[in-house]
Amino acid sequence: MSGEETFRTETPLVGGRVELRAYGLDDAEALIEIIRAGEGFLPPNFPKELDAELLAWWLTEGVHQPRRYGLAAHFAVIDRESGAFCGTIGLFRVDWSQLTCEVGYGMRPGLRGRGYATDALRLVAEWALRECGLHRVELRAATSNIASIRVAEKAGFLREGRARGAERGPGGTNHDQFVFSMLEADLDRRDADRREVAPPELVGIGVGPGDPELVTAKAVRILREADVVLVPVMALDEEGRAESVVQAYTGKAERVVFALNDRGGVTEKRAAAWDGAAERVVRAFEEGARRVVFATIGDPNVYSTFTYLAQTVRERMPAVAVRTVPGITAMQDLAARSGTVLVEGSESLELVPLAKGTDGLDAALETGNTVVAYKFGSVAPAVVEALKDAGRLEDAVYGARLGLEGEEIRPAHELTGPVPYLSTLIIPGRRTSRGGKL
Ligand SMILES: C[S@@+](CC[C@H](N)C(=O)[O-])C[C@H]1O[C@@H](n2cnc3c(N)ncnc32)[C@H](O)[C@@H]1O
C-alpha cells in the first residue's frame, strides 16, 4: 500500500488519554456548542455558522474529502474515559513528493492544560511517520503561544528555529513563528530512551549570568528534552533571572519560590523553600517524569541554590541520579566584557562571598593574587574602602546585572552608593611585566 492509500484507511488512533477518530454525525452536538460559545480554536476550514444542513454535510462528507485525496487528515480528539469531545488535530499541507506535512491542533478552552493536546500530537505524528510513510511532520507555533510550544516540546518535536514574520496576526501585523519538526528517527530515539531503564535524573543546569547566548549547546538540548523545567523565583508573579534565559529556549519553565535573597544561615523561610521545591521535584518523578531540570544562573556548582535542592531530593529519593551541566559564571562574563585577565602565570584566584561582611577580604587582597568578590551588595562602601586601603582599587572592575536589563560595567573606583545583589568585582593580580608571573 502506498503512503497516500494508507492515509485513506479508517484508523482510530488510541494512546494516552485520548482516541483520535474520524469526524461523524456524533460530533454535531459538540460542534454546535463550540460554534455557539464562540470558542475560536477550530481551523479555518471548519464550519463557523450554525447551519444544520451544512454541518451534516461537512461531518459526513466535507471533512473526509481531503483525506481521500491525501491532502489532509482531520481527527476529533476524544477523551477515552468520558467520551467527551476535547478538540481537533489534523495533518495538512501534505506533500507526497517530499513526504512532508504540517500538523495543527486546537483544544476546547475549558479542557486545556490536561495533556490531551500532547497525547493527540504524539499519536498523530507517530501515525504519519510510521504508518503513512511520511518523512517529516512540521509544526509551527506563534512565538508568543507558550502553551502550544510546550505541547510541541512535550510531544518530542525539535525546535529548528524562528520563521520571521510568518504569521499574519488579527491586528494586521505579521508575527514570528517557531518551527518544530519530527522525523521517524526522533521516534526511534525516543523509544530507545524509554527502553533504557536509566534511573530518573535531576539535572542542575547552569544558564550563565543572563545573556541567552552564553548558554552551552548541551544545556539547551537538555532543557528542551526535559520532562519538567523548574526555575527559582523570589515570588510566583515575578520573572526569575534564570527563567528569562530559559525562556529563550523553551516555554516549559515552571516557577518554584526560593528565598533567594534571605540572609542569616538556614532561616525558616529558606528551609521551607528547599523543602517545597524538593516536594515539586518528587511529585514530578512520582507522576512519571524521567528527567527534571533545575535552571540556575551562572554555574550550578558555584554558590547555587541547586546544591540544597539536590541534597533534599537525594534524601527523599535516593534512587534519583543527580548531575549538573556547567554554566558560565558571572566572573568569567565580567572578565570577558571588561577585558580583564582573570589569572596568569603562577597567580591563584580567590573567590570571596561577602554576604556576611568584609571579613576575609583584607587577607585575600594582601596576597597580591586575583580576588573576585560576590554577594557584596549590602557592604559595597566597605569593600571600596578595603580596596583603597590595600592600594588595589585602581585596577578593580565592577559589573552589575551582567547580561540582564540594567547591566553596568565600569571601573570600581567609580562606585558610589548602594549596588544591586547581582554585582561582581574582579581585583586582578598585581602584574608588572609581560609574563612576570610565569
Ligand atoms: C548566589 S550567587 C550565584 C553565583 C552563580 N551560580 C555563578 O556561577 O556565577 C549570586 C552572586 O553571583 C554574582 N552574580 C551572578 N549573576 C550575576 C550577574 N548577572 N551580574 C553580576 N553578578 C552576578 C553576584 O555576585 C551575586 O551576588
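Calculate how many DSSP beta bridges within the chain are antiparallel, expressed in % of all such bridges and rounded to the nearest 5. That works out to approximately 60 percent antiparallel.
Of all the options Val266, Val325, Val397, the one that moves most in a Gaussian network model of the chain with Cα springs shorter than 10 angstrom is Val266.
The charge dipole of the chain, taken about its Cα centre with unit charges on the Cβ of Lys, Arg, Asp and Glu (plus for the first two, minus for the last two), comes to roughly 660 debye.
Given +1 on the Cβ of Lys and Arg, -1 on the Cβ of Asp and Glu, and no further charges, what dipole in debye does the range 107-179 carry about its Cα centre, rounded to the nearest 20? Please list the in-between numbers first.
On the way: 13 positive and 8 negative charges, 41 e Å.
With Lys and Arg at +1 and Asp and Glu at -1, about 200 debye.
Projecting the Cα positions of Ala155, His175, Gly208 onto the charge dipole of the range 138-208 (unit charges on Cβ atoms of Lys, Arg, Asp and Glu, taken about the Cα centre) puts His175 furthest along the positive direction. Close amide H pairs (under 5 Å, H built 1.01 Å from N) link Val228 with Arg291, Val293, residues at least 5 positions away or on another chain.
The residue among Ala380, Gly106, Ala364 whose Cα reaches farthest toward the positive pole of the charge dipole of the chain, with charges on the beta-carbon of Lys, Arg, Asp and Glu, is Ala364. Across the range 124-270, the mean sequence separation of Cα contacts (distance under 8 Å, 6 or more residues apart), normalised by length, yields a relative contact order of 19 percent. Phi-derived couplings, Karplus 6.51 cos²θ - 1.76 cosθ + 1.60 at θ = phi - 60°, listed residue by residue for the range 11-25: 9, x, 10, 10, x, x, 8, 10, 10, 9, 9, 5, 5, x, 4 Hz, with x used for Gly and Pro. Which shape class applies to the range 204-295: rounded if a/c is under 1.5, otherwise prolate when a/b exceeds b/c and oblate if not, where a ≥ b ≥ c are the square roots of the Cα gyration tensor eigenvalues? Judged from the Cα gyration tensor, the range 204-295 comes out oblate (a/c at least 1.5, b/c at or above a/b). Over the range 62-163, Cα pairs under 8 Å with separation of 6+ residues give a relative contact order of 20 percent. Computed extension gain for Glu61 through Glu29, at 0.36 nm per residue and net of the alpha carbon distance, reaches 9.8 nm.
At an R0 of 41 angstrom, the distance between the Cβ atoms of Arg114 and Ser348 translates into a FRET efficiency of 0.15. Springs between Cα atoms under 10 Å define the GNM used for the chain, and in it the highest mean-square fluctuation of Gly106, Gly171, Gly345 occurs at Gly171.
Evaluating 6.51 cos²θ - 1.76 cosθ + 1.60 at θ = phi - 60° for every residue in the range 45-53, the Karplus couplings come out as 8, 8, x, 10, 10, 8, 10, 4, 5 Hz, glycine and proline recorded as x.
A full extension of the chain between Ser82 and Gln98 corresponds to an added length of 1.9 nm, given 0.36 nm per residue minus the alpha carbon distance. By the helix-only formula, in which each DSSP H run with n ≥ 4 contributes -39500 (n - 2.57) and the sum is divided by residues, the chain has a 222 nm mean residue ellipticity of -8500 deg cm²/dmol.
Projecting the Cα atoms of Thr60, Ala273, Thr296 onto the charge dipole of the chain (Cβ charges, centred on the Cα centre) puts Thr296 farthest toward the positive pole.
The Ala142 and Thr307 beta-carbon pair, evaluated with R₀ = 35 Å, returns a calculated FRET efficiency of approximately 0.40. Per-residue extension of 0.36 nm, minus the Cα-Cα distance of Leu236 and Glu160, leaves a gain of 24.3 nm for this segment.
Every read-out reported here was derived from the displayed coordinates using simple, explicitly stated rules and does not represent laboratory data. Source: prediction; values computed, not measured. For neighbour counting, all protein chains shown are included, and Cβ atoms are generated from backbone atoms with ideal geometry for every residue, glycine included.
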